[in-house]
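Down below is the structure, laid out as structure tokens.
Rule-based calculations on the coordinates, nothing more; no lab input. Note that the structure is a prediction, hence the values are computed from the model and not measured. Positions of Cβ are generated from backbone atoms using ideal geometry, with glycine treated the same way; all protein chains shown enter the neighbour counts.
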Number of protein chains: 2
Amino acid sequence: MSDYNPPLRDMQFILSELAGVDEIASLPGCDEATPDLVDAILDQAGKFATGVLAPINRIGDQQGCRLEGERVISPDGWKDAYTQFQSAGWIGLSLPPEFGGQGLPKLVSTPVWEMWFSTNMAFAMLPQLNVGEAAAIMLAGSDALKAAFLPKLVSGEWGGTMNLTEPQAGSDLAATRTRAETQADGTYRVFGQKIFISYGEHELTSNIIHLVLARLTDAPSGVKGISMFLVPKYLVNPDGSPGARNDVRCISIEHKMGIHGSPTCTMSYGDNVGAVGYLVGERNRGLEYMFVMMNEARFGVGLQGVGLGERAYQQALGYARERVQGRDAVTGENGQPIVHHPDVKRMLLSMRARIMAARALLYTAAGWFDRAHHHPDAAVADKCRRYVDLLMPVAKGWCTEVGNEVCDTAIQINGGMGFVEETGVAQYFRDARIITIYEGTTGIQANDLIGRKILREGGATLIELAADMRETALRLAADEMLSSLGAALLEDIATLERTLEWILSNGRAHLDWVLSGAVPFLHLLGTVCGGWQMGRAALAAQAGLEAGKGDADYLQGIVDLSRFYFGHIAPHSAAWARTVMCGGESVSGHDCMAL
Amino acid sequence: MSDYNPPLRDMQFILSELAGVDEIASLPGCDEATPDLVDAILDQAGKFATGVLAPINRIGDQQGCRLEGERVISPDGWKDAYTQFQSAGWIGLSLPPEFGGQGLPKLVSTPVWEMWFSTNMAFAMLPQLNVGEAAAIMLAGSDALKAAFLPKLVSGEWGGTMNLTEPQAGSDLAATRTRAETQADGTYRVFGQKIFISYGEHELTSNIIHLVLARLTDAPSGVKGISMFLVPKYLVNPDGSPGARNDVRCISIEHKMGIHGSPTCTMSYGDNVGAVGYLVGERNRGLEYMFVMMNEARFGVGLQGVGLGERAYQQALGYARERVQGRDAVTGENGQPIVHHPDVKRMLLSMRARIMAARALLYTAAGWFDRAHHHPDAAVADKCRRYVDLLMPVAKGWCTEVGNEVCDTAIQINGGMGFVEETGVAQYFRDARIITIYEGTTGIQANDLIGRKILREGGATLIELAADMRETALRLAADEMLSSLGAALLEDIATLERTLEWILSNGRAHLDWVLSGAVPFLHLLGTVCGGWQMGRAALAAQAGLEAGKGDADYLQGIVDLSRFYFGHIAPHSAAWARTVMCGGESVSGHDCMAL
């Protein structure tokens, strides 16, 4: 297994040059994010990730979790690592100080989470749930619920879960059957089975706080009859300590292809008297609240793509530098490390270019998120909120696809050694396979993008975004050194706009054609947004070079990487566009029941 | 786990309409391949694959192989299945009658092997080695070696292996260190270590015949000093029975991501007195002979891509037909199986279209192989031989990439159920990950394509092939119903030719740029050849429809699938071409040691 090196230089470049960390730090409520503090946090996180999380990642894969009666036993060393993680206060990094968090901007916590995902994704899923659950409770919970649960979730003393899926209700939550009965004391009793519940049971925390979607007995059918309940594993005593065991248990855990350290549980609520639950927010608005948690989780899963990709890239680069094989195709020189073979270089650069594009997009989106919440100019805040909403399916859908491609390429660079388990790269590949699925598959993201984010508003925000992207492209085109990148980006933006027009004009009459092209369109938009970010990166790097500021080799490498992106990745934009506009009918015409 | 249904209708369509099985059966030496016999063989193979191989595939994955001392123990039921496989005479299907084979054309054995790979790839790798080894011995072995070993390899009483890789010699066989010492009796003693040897040790056969690359003590360095030796696990008694144990043993087996039922062995030759070996053919020509075995294996590995893809497709289609989730995006109707969702349809069609294109290409190539060996017109035979040579890297490289993509899509269609191991689709995905690696990675195939197959002859054969493809495209363009397919194919062929010209004119001055685009070019050529085959399929199906012959629904489905291919897969041709022509410099300019 290769060591993990926190990619601090890349992270800092994107934070300062593309995501605007200085501007964010100047916003009201974000002023703690001074450059010194940000540096210190990234440095500490890098050390923690490398020293504590990375060493137990493989143990987690090899040992997995096991169910003993109703207990779920985590792999060796995980409990200790969690205790350290919790004590260091990492969970509350971007959560509000009033509940014990540090209140830092999302932009600052984003590279930190990337490092957790790089070094131990299966582990990081647990604290990730706390952050999402805290967001949902802050939004919708009563003051009493907040006071009782938020401090423990923010500190990480207790764990969180999100319970949506049931055997008949996967992507389609309208089919939810778990029910909740009103009790005289204002609490509820929850009955039903939930599946695929990450960290539904474990002993890393002294209590587990489940957020559960269920129907009240008099609720309307469909998604408008779903409420959210908070169901603790242990009921909470008046003094705040865990009390009696609640009527909820894990009845099985899944045998999965990856993330073995993260228990995926089938949870049974109310086998006896009913699991005591507390209504979160108003009745029948559960799905709306869960989407807050879900959106937080979707961004995080996109970041998992970058994190796993970075880890796999580092491993592959290390292998390619050391592995001597074959001779130089041009000079005939022998004894060359494979990193010099053109195809291996191509693969390494395709990994790095995709990771950088996806990372830049996610960090930039994190900056929008902070501006949406803190920017004093309402117009700026509103625009940033709309950009976040529009691109959330891309942040999740495209970045997870990128993560899978990058991990796949890492295996290929390792050759036969990639297929055996000892190098560790096989684990990244297996772990990555879940990220295009959970928190809404790529198909679900793409439908969300087309339906809720584009058709519903006639494409207004995307048109605005395309105009912003064109500004970058024109700046590139005007730069002597970067004009070819500008020309390529302008072409891709025009292709995107043409495709959007086609979608808008066919959304009504041929919705089936449009939806057949939803995933290709998500790839198109992701690829163009990635190009936009790589173009911005090239502009910033070129400016640094011309000003003689910063590490010239590094900056030139960024410009070159941007060129690679436009030579190897961006060209597929036109293909995705053609598929959206010309491929729909060939899908609709088919009756796949007859295949 | 879903059942496997032999795709006999698709196979028969391709055999008769695209690969010309009737013409092949009319060639001298192929006349046993009557339609009735072919039907009977496919029918029997389908039953055997479904009844015997499919049921033990999962057992193989779950139990894997284990090393006990020097013994390798196969999973439960595998020995019995192998005995049945051997008794039925399947191994000799396309091998010469003089050594006990049935002497059928490769075209007839190809769909049979596809079924073995679909139902149990890890198992089928063993008999596949026999076929390749037999080809090498037939080519180069002395009459005595042939008489002693071929009948047992053809019957499958003994197993075969190919021993190329050493720790320092993976893709680069010039670095081979295993050595062979001449003995007074004309035999040799072999010393060295070989790694990644599939079925290097097992007890499914009573003897194992290793073909080993090694250097004679006086051999020149590099690839011109490698000889091939036949090293039996048990020396052979004068009566042909296995005798004393030879000095070769398995010292470890790999822990792999997939194909757990196939033991991947580290073999140690000559720990004591040296392993007795027999020189195959002439000294220092071992690599040349091994390439015969290798080419056979490469075709077979391409077919593994189709086989695994077909199995994964059937599983995903079955799941999509049964899984009820969500409502119809257009009609709003509830309780729909997901097969009706546009994105799921898109995914299923992309699987089927890729599989059919790759299958058609491989079967067509098998037909060329038979014509190359049996066609009485030397010009036809020669052209077919050249087409096989040119396209072998595509048959291996592109079809294995297709197999991986298809298995990946199958996971996606299954959603969360695809990530858990119980559906079986995760195994296909894990198993498939080796096929773009072994027998030469996709990068190696692409370098072979550019270097040996194109630059060396100035692109002559590819120019000829493009002209043949254009003929198909013009026929499509002239057909009222299919003209849009013709236009798309013509465009792609022109793109291919333009890219070829660029390669030919830059091959000398900018070989590094050209090689940076080798894999993108392999994708381009594969995608265009796939489109050519789908175009041929559409023409045949349309002709059948117009003549009122055959199952009209099936034939219309083929035409529609071809349309899908040109709407969803072929559009990427232009992107690959652009990368080849514009992306090279951005790779060459990089020093990846400095990343």
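Some observations on this one:
- Calculated log₁₀ intensity ratio I(q)/I(0) where the Debye formula runs over C-alpha points of the range A:14-67, q = 0.13, 0.16, 0.22, 0.28 Å⁻¹: -0.53, -0.64, -0.83, -1.05
- 3J(HN,Hα) from dihedral phi, the range B:365-382, Karplus parametrisation 6.51/-1.76/1.60, rounded to Hz, x for glycine, proline: 5, 4, x, 4, 4, 5, 5, 4, 8, 10, 6, x, 7, 4, 5, 5, 4, 5
- D by Stokes-Einstein for the range B:528-567, Kirkwood Rh over Cα pairs, 10 °C, 1.306 mPa s: 161 µm²/s.
- Listed residue (B:Ala378, B:Ala478, B:Ala488) projecting farthest to the positive dipole end of the protein assembly as shown, Cβ model: B:Ala378
- Cα centroids of the range B:457-482 and the range B:309-369: 29 Å apart.
- Local electrostatic count at A:Gln556 - Lys and Arg +1, Asp and Glu -1, tallied over other residues with Cβ under 11 Å: -3
- Per residue of peptide A:556-568, the mean number of Cβ atoms on other chains within 10 Å of the residue Cβ is 5.
- Across the range A:45-122, Cα-Cα distances exceeding 16 Å account for 56% of all pairs.
- For the peptide A:344-355, the mean number of other protein chain Cβ atoms found within 10 angstrom of a residue's Cβ is 5.
- Projecting 7 Å from Cα along the Cα-to-Cβ direction, the label point of B:Ser26 sits 8.3 nm from its equivalents in the other copies, listed shortest first.
- Taken one residue at a time, the phi angles of the range A:427-441 give Karplus couplings (6.51, -1.76, 1.60, θ = phi - 60°) of 5, 4, 4, 5, 4, 5, 5, 7, 6, 7, 10, 6, 6, x, 4 Hz. Gly and Pro are set to x.
- Cα gyration tensor shape of the range B:439-510, rounded if a/c is under 1.5, else prolate or oblate by comparing a/b with b/c: prolate
- Placing dummy labels 7 Å off each Cα toward the beta-carbon, the span from A:Asp3 to B:Ala487 is 6.0 nm.
- The spacing between the range A:168-208 and the range B:105-151, judged by their C-alpha centroids, is 56 Å.
- Kirkwood-Stokes translational diffusion coefficient of the protein assembly as shown, alpha-carbon pairs, 20 °C, 1.002 mPa s, µm²/s: 69 µm²/s
- Nearest beta-carbon to the A/B symmetry axis - residue in chain A, distance in Å: A:Ala575, 2
- Given charges at Cβ of Lys, Arg, Asp, Glu: the protein assembly as shown dipole, positive-most of A:Ser2, B:Gly225, A:Val402: A:Ser2
- Relative contact order of chain A: 13 percent, from C-alpha pairs under 8 Å at least 6 residues apart in sequence.
- Take A:117-130, B:21-34 and order them by the average number of nearby Cβ atoms within 10 Å per residue, most first; the result is A:117-130, B:21-34.
- Three-way shape label, the range B:426-572, alpha-carbon gyration tensor, a/c 1.5: oblate
- Each Lys and Arg Cβ is given +1 and each Asp and Glu Cβ -1; about its Cα centre, the range A:442-586 then shows a dipole of about 360 debye.
- 7 Å along Cα→Cβ, label-point gaps from B:Gly332 to other copies, nm, shortest first: 7.5
- Positive contributions from Lys and Arg (+1) and negative ones from Asp and Glu (-1), summed over other residues with Cβ under 14 Å from the Cβ of B:Ala372, come out at -1.
- Within 10 Å of each Cβ in B:475-483, the average number of Cβ atoms from other chains: 0
- Prolate/oblate/rounded call for the range B:157-284, Cα gyration tensor, a/c under 1.5 rounded: oblate
- With helices as the sole contributors, chain A gives -18500 deg cm²/dmol at 222 nm; each DSSP H run of n ≥ 4 counts as -39500 (n - 2.57), and the sum is divided by every residue.
- Sorted peptide list for B:565-575, B:389-399, A:216-226, A:266-276, criterion being average Cβ within 10 angstrom, highest first: B:389-399, B:565-575, A:266-276, A:216-226
- Shape parameters for chain A, alpha-carbon atoms, Rg then Dmax in Å: 24.2, 84
- Highest mean packing first, where packing is the average number of other Cβ atoms within 10 Å per residue, the peptides A:246-252, A:526-532, A:68-74, A:412-418 line up as A:526-532, A:412-418, A:246-252, A:68-74.
- Over all distinct Cα-Cα pairs of the range A:383-426, the Kirkwood formula returns a hydrodynamic radius of 12.2 Å.
- Remark on A:Leu216: its backbone amide H falls under 5 Å from those of A:Ala180, A:Ser227, a criterion applied only to residues 5 or more positions apart or on other chains, H modelled at 1.01 Å from N.
- The distance linking the range A:416-453 with the range B:490-550 is 30 Å (Cα centroid to Cα centroid, whole angstrom).
- The magnitude of the dipole of chain A, with charges of +1 and -1 set on the Cβ of Lys/Arg and Asp/Glu and taken from the Cα centre, is near 1000 debye.
- In this assembly of identical copies, the label point of A:Asp271 (Cα plus 7 Å along Cα-to-Cβ) is separated from its counterparts by 5.1 nm, sorted shortest first.
- For B:Glu457 and B:Ala594, the FRET efficiency from 1/(1 + (r/R0)^6), where r spans their Cβ atoms and R0 equals 41 Å, is about 0.65.
- B:Leu37-B:Asp382 FRET efficiency (beta carbon distance; Förster radius 45 Å; 0.05 resolution): 0.95
- DSSP-loop trypsin sites (Lys or Arg not before Pro) across the range A:487-546, with at most 10 other Cβ within 10 angstrom: A:Arg508
- Computed FRET value (nearest 0.05) for B:Arg66 with B:Arg508, which takes r as the C-beta separation and R₀ as 60 Å: 0.65
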